[in-house]
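To keep things clear, I will list the structure first and then write my remarks on it.
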Amino acid sequence: MNLVSVGLGLIVIGIGIGIGNIGRSALDAMARQPEMASKIQSAMLIAAGMVEGAGLFAIVIAMIK
């Protein structure tokens with residue numbers, strides 16, 4: 001097992017945890033304020049996209065090394 005495989009695995013785990021936290025927090029917020037659901041959902045999608053983008057950037061950097 002080489003170091004790149006370990007790094008890629010950690011990156012994917014981090015992405016999963018990050019998106020899971022975003023989803024959990026968004027569902028909590030929507031449960032507390034249902035009238036704000038559309039704004040919360042759009043903010044959640046933007047944040048999830050940023051996590052995915054950072055994760056993909058990290059994957060590319062790991063593959064280059």
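The values are calculated or read from the model by the stated rules, or taken from the named source; none is laboratory data. This is a predicted model, so every value here is computed, not measured. Cβ atoms come from the backbone with ideal geometry, glycine included; neighbour counts cover every protein chain shown. Accessible surface areas use protein heavy atoms only, side chains included; no ligands, DNA or RNA. Shrake-Rupley method; radii C 1.70, N 1.55, O 1.52, S 1.80 Å.
Among the residues making up the stretch 23-65, those that are surrounded by 13 or more Cβ atoms within 10 Å (Cβ to Cβ) and within 23 Å of Leu8 (Cα to Cα) are Gly23, Ala47, Ala48, Val51, Glu52, Ala54, Gly55, Ala58, Ile59, Ala62.
Of the numbered criteria (1) of a type in the set (A, V, I, L, M); (2) under 15 Å from the mean Cα position of the chain (by Cα); (3) open to solvent by less than 60 Å² (accessible area, probe 1.4 Å), the one Ile13 fails is (3).
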